[in-house]
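Structure record follows, encoded as structure tokens.
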Amino acid sequence: MKLGFVSAILDNASFEEVIDTAADLGYECVEVACWPKEKATRRYAGVTHINIEELDDEKINYIKEYCKNKGVEISALAYYPNTLDPDLEKRSAYIEHLCNMIKAAPKLGVNTITSFIGRMQDKTVEENLEEFKKVWTPIIKLAE
């Protein structure tokens, strides 16, 4: 087992500062926050240590090499929006970003994405589960 932390706790740090902190404290891995660049609506939301939209081969190689040199692995890419948001425009943007993360993860050598399945607060558990199936089935297929 490897011990790590979610990079969002270092919300004002750069990617390099997050990895340096992990290495200095003896952590072996980090779950790296990958929110889109936007104003946060709640604590830790909006934290971006890897900007998925700006990833190219050069940046990917830099990230992998930096982690390798520090002896710290990226255990997961993290993004926790409400993918069942009743606002369909927001929902669509959340899902699109999540799908972009799924496509980027293998390029970074990362096999785990962490997220929130979502919830509609005015719906029952059963209704949420039905909506979950509609929203998440295509996302899961993309990840296969």
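Find the residue count for the stretch 89-134, including only residues that are of a type in the set (Val, Ile, Thr), over 16 Å from residue 79 (Cα atoms) and surrounded by 13 or more Cβ atoms within 10 Å (Cβ to Cβ).
0
Taking the condition of being in contact with a Cys (Cβ under 9 Å, 6 or more places away or on another chain) and among the aromatic types (Phe, Trp, Tyr), how many residues in the stretch 51-85 meet it?
1
Got a number for residues in the stretch 79-96 being touching a helix residue (DSSP H, G or I) at 6+ places or on another chain (Cβ under 7 Å) and not in a loop (DSSP other than H, G, I, E, B)?
1
Exactly one condition in (1) over 16 Å from the mean Cα position of the chain (by Cα); (2) under 28 Å from residue 140 (Cβ atoms); (3) surrounded by fewer than 17 Cβ atoms within 10 Å (Cβ to Cβ) is false for residue 23; which is it?
In the conditions (1) over 16 Å from the mean Cα position of the chain (by Cα); (2) under 28 Å from residue 140 (Cβ atoms); (3) surrounded by fewer than 17 Cβ atoms within 10 Å (Cβ to Cβ), residue 23 misses (2) alone.
Going by the structure shown, is residue 64 out of contact with any helix residue (DSSP H, G or I) (no Cβ under 9 Å at 6 or more places or on another chain), basic (Lys, Arg) and in a helix (DSSP H, G or I)?
no
Being over 17 Å from residue 56 (Cβ atoms) and more than 12 Å from the chain's Cα centre (by Cα) is the filter here, so list the residues in the stretch 96-111 that pass it.
96 - this is the single residue of the stretch 96-111 that is over 17 Å from residue 56 (Cβ atoms) and more than 12 Å from the chain's Cα centre (by Cα).
Only residues that are in contact with a His (Cβ under 9 Å, 6 or more places away or on another chain) and not in a helix (DSSP H, G or I): list them for the stretch 12-31, please.
Across the stretch 12-31, the qualifying residues are 13, 14, 30.
Under the condition of being at pLDDT 95 or above and exposed (fewer than 15 other Cβ atoms within 10 Å of the Cβ), which residue from the stretch 26-46 is nearest to the chain's Cα centre (by Cα)?
Across the stretch 26-46, the extreme among qualifying residues is 28.
From the list 73, 58, pick out the single residue that is touching a strand residue (DSSP E or B) at 6+ places or on another chain (Cβ under 8 Å), modelled with pLDDT of 95 or more and not hydroxyl-bearing (Ser, Thr, Tyr).
Only one candidate qualifies: 73.
The values are calculated or read from the model by the stated rules, or taken from the named source; none is laboratory data. Given the structure is predicted, the values throughout are model-derived calculations rather than measurements. Backbone-built Cβ (ideal geometry, glycine too); neighbour counts: all protein chains shown.
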